[in-house]
Amino acid sequence: MGMEIHAGAEWLWRKVGLDYVHGGPVLLASLGSLVAVFVTAALIESVAVGWRASSLGRLMSGRASPRCDMVTALLFQTPLVGHVAVLLSGGLSLWALHCAKIGLHPIWTGGRSPWLHAVVCLVVLDLSYYGVHRLMHAWEPLWQLHRFHHVADEATLLTALRVHPLESALCGVCLAVPIGLLGGTASEGPVVFFLTQVLSMLRHGNLPWSWGKLGDYGLISPAAHRVHHASDPACFDSNFGILFPWWDRLFGTWHAPVAGLPPIGVDGDCLAAMGWARGVWQSYVDFWRALVRLARRPGNASSKIVRSVTTADRPASTATPSPGSDETRRELPVPSVRR
């Protein structure tokens, strides 16, 4: 059974492009890929907006949000994050991926058209992630994990890699299924993989580019994804697409880019000031608290969502509750909760 689980883990991590778990040579290759992608994106951004507004300038500022971005990006190139994900899920992620592995039979492997196969896998992966991404914003337990990404209040290229380990594992399981049915991998085609990673970083950079018609109908632009991260409630529940804007337009969640660079982050969330370890742990604790609340609210689990609030969020006339009490949380309707 141990060897089967290891084989299942290997299969998942290959599917989501996280081959670093295999040790030194692959770790070096992963770090090399990260450096190549980051340098390419950083050069483009620095030329466009200048040093002070660029991710390089922000990452060297020492401020909390860019520092957490940098720590997360570096840790994701080591076995640590994969091991943390397995521990936080109690081994469930390994069991789930193993079940998916032994039950999947590719329905199309591309035949003699490897590039067409890579493109189809990319489209299917993007559509699948759109659905998973919407669920992360709609269902409170998953939001408690996903908010680790959204509390970033300064945009840097490395914000793209600021993902909770457990969220990464759960997404890997979900996304490996459709890609496995196509007999492909999430990183199939090195050129396609490199370009999509550069675009992913640029989307999280400090860039006001909307790309005109290309951004409206072809590829998600940095300005469009900035709307998704905006702290303005008018921008909530929008632009869930990662690569293509088609799904947002098809399912009614498209929001046109706004002028300038709107502020980003989750207002009043204490998670923003925490480092990587504390932030990961607090998100994990809130994930389980959200599950317990839903379990105690039968028949009403889908109608409301609860989020943590700080004293700054509370009305001035409200007395400060004791730490950990039920009064430190309040119920809000779904539309008013981040995102």
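Descriptive notes on the structure:
- Sorted by Cβ neighbour density within 10 Å, fewest at the top, the residues S55, S283, S238: S238, S283, S55
- For the range 195-283, the C-alpha radius of gyration divided by 2.2 N^0.38 Å, with N the number of residues, is 1.16.
- Pairwise label distance in nanometres, L261 with R297, each label 7 Å out on the Cα-Cβ vector: 3.7
- One decimal place: the segment L116-R63 gains 14.7 nm when fully extended, by the rule 0.36 nm per residue minus the C-alpha distance.
- Couplings 3J(HN,Hα) of the range 132-145, computed from phi: 5, 5, 5, 5, 4, 8, 8, 10, 4, x, 5, 4, 4, 7 Hz, in residue order, whole Hz [Karplus 6.51 cos²θ - 1.76 cosθ + 1.60, θ = phi - 60°; x for Gly and Pro].
- Length gained on full extension, L219 to C174, computed as 0.36 nm times the residue gap minus the Cα-Cα distance: 13.9 nm.
- Residues in the range 63-77 carry Karplus couplings, in order, of 6, 4, 5, x, 5, 5, 4, 5, 4, 4, 4, 5, 5, 5, 9 Hz; the curve used is 6.51 cos²θ - 1.76 cosθ + 1.60 with θ = phi - 60°, and Gly or Pro positions show x.
- Theoretical FRET efficiency, 1/(1+(r/R0)^6), r = Cβ-Cβ of L74 and L195, R0 25 Å, to 0.05: 0.65
- Calculated on alpha-carbon atoms, Rg and Dmax of the range 234-283 in Å: 14.8, 38
Every number here is computed from the coordinates shown, using simple stated rules; none is lab data. Note that the structure is a prediction, hence the values are computed from the model and not measured. So basically every Cβ, Gly included, is an ideal-geometry build from the backbone, and we count neighbours across all protein chains shown.
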